1. Just give me the residues in the range A:84-105 being part of a helix (DSSP H, G or I) and within 9 Å of the chain's Cα centre (by Cα), in sequence order.
2. If residue B:63 passes every condition in (1) away from chain C (no Cβ under 11 Å); (2) within 16 Å of ligand 2 (Cβ to nearest atom); (3) exposed (fewer than 15 other Cβ atoms within 10 Å of the Cβ) but one, which one does it miss?
3. Regarding the range A:49-64, can at least one residue be identified that is among the aromatic types (Phe, Trp, Tyr) and either within 12 Å of chain C (Cβ to nearest Cβ) or crowded, with 22+ Cβ neighbours inside 10 Å (or both)?
4. I'd like the full set of residues that are surrounded by 19 or more Cβ atoms within 10 Å (Cβ to Cβ) and farther than 24 Å from residue C:106 by Cα, limited to the range C:376-397.
5. Which of the following residues is at positive phi and open to solvent by 10 Å² or more (accessible area, probe 1.4 Å): A:87, A:74?
6. Among the numbered conditions (1) within 16 Å of ligand 2 (Cβ to nearest atom); (2) more than 25 Å from residue C:373 (Cβ to Cβ); (3) more than 11 Å from chain B (Cβ to nearest Cβ), tell me where residue C:106 comes up short.
7. Which condition number in (1) open to solvent by less than 10 Å² (accessible area, probe 1.4 Å); (2) away from ligand 2 (no atom under 16 Å from the Cβ) is the one that residue C:89 fails?
Amino acid sequence: MTQLEIEGKVFNVDGDGFLVNPQLWNEEIAALFAKHDGTGQLNEKHWAIINFIRNHWLENDMAPMVRKICQNTGLRLKEIYTLFPMGPAKGACKIAGLPKPDGCV
Amino acid sequence: MTIFHWILLAGFVICLLSCLYHFFMALPAGKDIDYATPDAKTRQAVVYSFTKAMSPKKKETAFMHLPTYTAGIFYHLGTFLSLFLVIFIFFNVSFPTWLAYSIIVFLAFTSICGLSILIKRMTSSLLKNLSNPDDYFSNILVTGFQIITAIYLLLNTGLEYYFIITTILFLYLPIGKLRHTIYFFTARLHLGIFYGRRGTWPVKK
Amino acid sequence: MAGEKVIIMAKNNSLTEKQKKALKLLKSRLNGRLLTHLNSCVHCGLCGESCHYYLATKNKNFIPGKKVDIVSSIYQRYHTLAGKVAPRLYGAKDFNDKTVEELIDIVFGACSMCGRCSVHCSIGVDVPYIVRTARSMLVEMELVSPGLQSTVDAAINTGNNMGIPRDEFVDTLEWLSEDLEMEVEDEDASIPLDKKGVDILYTLNPREPKFFPLSISAIAKIYYAAKENWTLSTNVYDVTNYAYFSGDDKGAKELTERLCDEMSKLEAKTLVLAECGHGYRAIRWEGPNWIERPYPFKVISVVELIGDYIRSCRIKLDPSLNKLPVTLHDPCNMVRGGGVIEVQRFVIKNAVENFIEMMPNRANNFCCGGGGGQLAMSEYAERRIKSGKIKADQIRKTGAKIVATPCHNCIDQLMELNKEYQLGVEIKTIGELVADALVLEEKSN
Ligand code: SF4
Ligand code: SF4
């Protein structure tokens with residue numbers, strides 16, 4: 001377990017920077033994580049994605065397909081990659097406080 | 001033939017037999033069938049593995065460490081020469097003086113190479129971390145073997161000591177790291193087959 | 001000698017059941033090849049500079065010879081006479097909690113099984129082969145790194161390593177299919193699913209449908225341009241085989257069998273692998289040995305297929321459509337460990353205006369640091385990023401703006417390196433580059 005300090009606040013994260021205890025997540029944490037990983041100030045579109053991912057995870061215990069993110073937020077695929085330069089997994093999912101998905105991400 | 005001759009001969013036979021045993025165990029056996037359809041001819045890759053792949057041009061362990069690599073090469077040449085001389089000394093064949101002196105000078109040089117490698121092993125923290133007693137002992141044994149060969153050629157006495165050290169060398173060879181005498185060849189062979197089937201070797205460019 | 005034996009027996013008895021299982025596995029694998037590689041390292045210590053872990057950390061325990069040694073010392077201790085009689089002399093080590101812990105840290109946490117050291121080793125020790133054997137021992141002890149294990153489990157239990165439900169997979173593919181139709185303005189363009197009797201069964205890395213589907217669109221567009229008779233299976237499509245990384249031969253076999261079954265079910269002729277380094281190695285080279293028979297079909301990488309398309313003029317490319325300078329990262333398992341070396345260069349040169357090789361390259365290339373399952377093991381993430389510095393420096397030196405690589409796993413690592421080392425490059429698959437350069441035929445009607 002690693003500790004991540006952003007602006008004086010300390011979080012327990014795994015080696016990849018995902019929250020160890022996803023229950024602890026809140027919007028303030030999301031904003032801090034976004035600042036830390038270079039996503040920057042979160043705007044409405046960011047929040048739409050983050051909230052959708054978060055809710056999908058709470059209901060299904062799984063990160064949503066990027067297809068569903070597009071469908072539910074009405075955003076285009078390429079926009080998602082621009083909004084989250086680290087991509088949907090290491091960017092959006094991490095900011096939404098999900099555990100690290102399995103696989104090549 | 002003296003008793004020392006017999007001991008040496010016995011040592012040699014034991015050495016040879018265990019080396020053969022190691023060699024045949026280490027050749028492909030049983031489970032080594034590869035079911036994947038090969039891409040290329042392995043023969044060329046095996047040849048490459050023993051030749052070009054070993055050259056300092058291709059190998060970082062050689063070209064990034066040229067002094068050690070060169071010392072290593074000479075050290076090995078000294079060992080081969082000394083092993084070759086065992087036959088002559090065993091049958092008490094004497095050399096013309098000029099030849100004996102050339103051999104002595106050469107062996108003196110190769111033993112210094114061996115010693116320098118030993119000193120490097122004893123002083124570099126990286127190597128100390130990697131070495132076990134066998135590594136030091138093997139070096140001392142082989143370097144000692146070269147030195148005593150040179151001394152015998154120089155002074156023409158101390159044949160017993162020469163025979164004893166040589167016998168110890170023969171007996172120890174298949175047990176410790178010196179068995180890379182055999183495994184070096186099977187390693188090159190297996191690696192050559194591996195990269196050959198996949199078409200990675202021989203490197204074309 | 002008898003007394004000696006009693007002591008050895010007593011020592012062996014202090015081994016736990018799991019440790020005994022691991023040693024038994026080691027013994028069962030002792031064929032000529034393994035014997036050779038376990039016995040041949042001469043501790044010359046010259047291999048450090050060939051390994052990105054050592055280069056980036058200068059940690060004495062990370063030189064390849066040391067990694068071989070930790071496995072070999074256990075072998076010496078239990079499976080050789082010399083090591084049993086005089087363990088100290090040979091550095092033979094007891095297999096206990098401490099050595100197990102060291103073993104885990106080294107074989108999972110400090111080696112990406114890239115094989116670069118083997119090419120340069122003074123002797124020719126196959127280091128990744130030994131490391132994987134040690135991982136297999138840890139499989140027996142149920143001590144595989146958790147992230148790696150759960151990725152293997154996901155693949156075995158759900159059919160793909162990200163646990164994507166089938167309906168969501170189908171939904172995504174249908175969406176991509178519609179997109180393709182719109183993009184090429186042809187109602188007949190599509191991504192065929194579960195079609196029988198095709199020439200080509202294509203596979204995917206699950207991260208494509210899940211998070212990065214642009215690479216699927218790219219390949220689908222290329223197939224469209226080449227008028228290929230192809231399909232994707234909605235049941236068995238995963239090109240990855242994390243059991244190769246974890247050392248789990250049973251799991252690896254199961255995943256390979258599934259692909260074989262699907263090939264025969266769909267009566268497909270050629271299995272085409274998505275851009276995936278370890279997937280290529282696992283399916284093309286290791287798979288037949290896991291299932292202990294040769295495949296009745298051909299296996300090629302999609303990059304090789306694209307090479308054929310270009311050579312036979314089945315697709316037309318306009319390199320001026322890719323103007324930015326491009327460099328290529330060679331995935332270890334596909335290049336050094338897989339023998340696919342020149343074709344990706346041929347393809348890229350046909351698809352871009354300015355191609356720059358990074359140095360060193362081909363079979364001599366450095367690992368990106370993400371291989372060997374490292375991406376799935378969070379506990380070693382810091383080391384992974386650090387060891388990637390070698391690759392980052394290589395990329396920076398080329399001055400390229402785009403890094404292409406035929407491996408999704410490498411892509412993910414390269415994306416992280418891009419951010420960490422501020423490279424300011426874009427990372428792409430070969431398929432994406434080719435799709436960008438595609439010149440579609442004018443429709444005749
Ligand atoms: S296989 Fe690669 S990572 Fe492992 S020791 Fe060799 S060079 Fe290093
Ligand atoms: S270069 Fe080869 S023989 Fe030398 S220490 Fe490294 S692995 Fe061992």
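The values are calculated or read from the model by the stated rules, or taken from the named source; none is laboratory data. Keep in mind the model is a prediction, meaning the values are calculated, not measured. All Cβ positions, even for glycine, are placed from backbone atoms using ideal geometry, and neighbour counts span all protein chains on display. Quick note on the areas: whole protein, heavy atoms, side chains included, nothing else; ligands and nucleic acids left out. Shrake-Rupley method; radii C 1.70, N 1.55, O 1.52, S 1.80 Å.
1. Initially, the range A:84-105 is screened for residues part of a helix (DSSP H, G or I), giving A:87-95.
Those that are part of a helix (DSSP H, G or I) and within 9 Å of the chain's Cα centre (by Cα): A:88, A:89, A:90, A:91, A:92, A:93, A:94, A:95.
2. Of everything listed in (1) away from chain C (no Cβ under 11 Å); (2) within 16 Å of ligand 2 (Cβ to nearest atom); (3) exposed (fewer than 15 other Cβ atoms within 10 Å of the Cβ), residue B:63 misses just condition (1).
3. Going through the range A:49-64, the residues among the aromatic types (Phe, Trp, Tyr) turn out to be A:52, A:57.
Next cut, either within 12 Å of chain C (Cβ to nearest Cβ) or crowded, with 22+ Cβ neighbours inside 10 Å (or both) only: none.
The answer is no, given that none of the residues of the range A:49-64 is among the aromatic types (Phe, Trp, Tyr) and either within 12 Å of chain C (Cβ to nearest Cβ) or crowded, with 22+ Cβ neighbours inside 10 Å (or both).
4. Once the filter is applied, which keeps residues that are surrounded by 19 or more Cβ atoms within 10 Å (Cβ to Cβ) and farther than 24 Å from residue C:106 by Cα, the range C:376-397 yields C:394, C:395.
5. On the way: A:87 fails: open to solvent by 10 Å² or more (accessible area, probe 1.4 Å).
Residue meeting the stated conditions: A:74.
6. Tallying (1) within 16 Å of ligand 2 (Cβ to nearest atom); (2) more than 25 Å from residue C:373 (Cβ to Cβ); (3) more than 11 Å from chain B (Cβ to nearest Cβ), residue C:106 fails exactly one: (2).
7. Of the numbered conditions (1) open to solvent by less than 10 Å² (accessible area, probe 1.4 Å); (2) away from ligand 2 (no atom under 16 Å from the Cβ), the odd one out for residue C:89 is (1).
Let's see how each residue does on (1) part of a helix (DSSP H, G or I); (2) crowded, with 20+ Cβ neighbours inside 10 Å; (3) of a type outside the set (Ser, Thr, Tyr); (4) within 16 Å of ligand 2 (Cβ to nearest atom):
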residue: C:44; (1), (2), (3), (4): no, yes, yes, yes
residue: C:49; (1), (2), (3), (4): yes, no, yes, yes
residue: C:53; (1), (2), (3), (4): yes, yes, no, yes
residue: C:56; (1), (2), (3), (4): yes, yes, yes, no
residue: C:67; (1), (2), (3), (4): yes, yes, yes, yes
residue: C:70; (1), (2), (3), (4): yes, yes, yes, yes
residue: C:77; (1), (2), (3), (4): yes, yes, yes, no
residue: C:94; (1), (2), (3), (4): no, no, yes, no
